[in-house]
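First the structure, in the form of structure tokens, and then the observations on it.
Every number here is computed from the coordinates shown, using simple stated rules; none is lab data. Please read these numbers as outputs of a predicted model, since none were measured by experiment. Note that we place each Cβ from the backbone using ideal geometry, even for glycine, and neighbour counts take in every protein chain shown.
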Amino acid sequence: MNKEQVQGKAEQLKGKLKAAFGKLTDNDLMLYEGKRDQFVGKVVQLQGIAKEEAEKQIKAIENACQTTKAA
């Protein structure tokens with residue numbers, strides 16, 4: 001996989017996260033790239049859901065993107 005493909009997959013994942021958690025900004029999504037705990041906290045804050053639920057939903061989106069990578 002080349003650099004453009006990796007960047008494309010990263011953008012796809014961020015797009016899916018933004019679609020799932022509509023209140024997220026691009027700056028919030030930047031947290032996902034390096035500070036996962038802060039990103040989860042931001043999702044909890046904006047969505048009003050429990051931390052465990054936020055982690056579950058984020059993991060489901062990540063898994064969906066991983067499945068797409070294999071295709």
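Listed values, structure above:
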quantity	calculated
Estimated 222 nm signal from helices in the chain, with DSSP H stretches of n ≥ 4 weighted -39500 (n - 2.57), rounded to 500	-27000 deg cm²/dmol
Fewest-first sequence of L29, L24 by Cβ atoms within 10 Å of each Cβ	L29, L24
Packing-based ranking, highest mean first, of 15-23, 38-46 given that Cβ atoms within 10 Å are counted	38-46, 15-23
0 to 90° range, to nearest 10: angle between helix 3-20 axis and the chain longest Cα axis	30
Estimated inter-spin distance, Q5 and E53, nm [label 7 Å along Cα→Cβ]	3.8
Per principal axis, descending, Cα span of the chain in whole Å	37, 22, 19
Formal net charge of residues neighbouring L17 (Cβ-Cβ distance under 15 Å; K, R +1; D, E -1)	+3
Acute angle (nearest 10 degrees) that the helix 51-70 long axis makes with the longest principal axis of the chain, alpha-carbon atoms	10
